[in-house]
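Coordinate-derived values only; no laboratory data. Note that the structure is a prediction, hence the values are computed from the model and not measured.
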Amino acid sequence: MSTSTTTAKQKYLEALKALRDAETGIRNLESRQSDLRQEQDNAANATERARAALDEATAAGDRAGIDAAFDAVAEANRKQESCAEQISSIDRVIGREREAVASALREAHNQHRLYWLAVEAEEREKCKAAAAPFLRAYRAQVYASVRSAVPLDQYLEGGGSGGGLLGEVGITKFDADSVTFDDKVPTLPPHSQYARVD
């Protein structure tokens, strides 16, 4: 694996980790919210019990019982309010985290695309390297045909410049003694037994 492909893969894995971390963060927050809602329900039940105790103490004229019941009601109400505030705060954090998840997902998709582009580019280079000997042999065959004055109709369309099949194998010009190749066009003709490498 080439350096560029390795780097692309590493960035892709990092993007996946960021996505998983963001998703885990949301799950943890949602779990905390669930706990707070349970605490809120418990506090609501405690409020009802304290009010019932207050009614009983009031009916009995129990001053100490009344004071204790008032304190219990106040504490239960504070607990409910605290839970509600925390739940609301976590809601806002979850909203931001969901945006982070969406961003991380887009980045993971992008890095995945870049990674596979790097893999494909590397595979193309491998194919070019593997086909190079066959390409050189084919060019040598064409060159030999030109040098030996074999009729060029099967190779050339349009005179002594790189047209027809000669152009397809990268021959830009030729004369009786030499042939010029354009190495920037490393292709094989369509009818070749070898695959194209461009």
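Brief remarks follow.
- Of interest is the spacing of the C-alpha centroids, which for the stretch 81-100 and the stretch 18-70 amounts to 19 Å.
- Chain lengthening between Asn42 and Glu85 when straightened (0.36 nm per residue, less Cα-Cα): 13.9 nm
- Pairwise Cα inverse-distance average, inverted: Kirkwood Rh of the stretch 3-123 (Å): 18.2 Å
- Calculated from backbone phi, Karplus (6.51, -1.76, 1.60) coupling profile of the stretch 89-96 in Hz, x at Gly/Pro: 4, 5, 4, 5, 5, 4, x, 5
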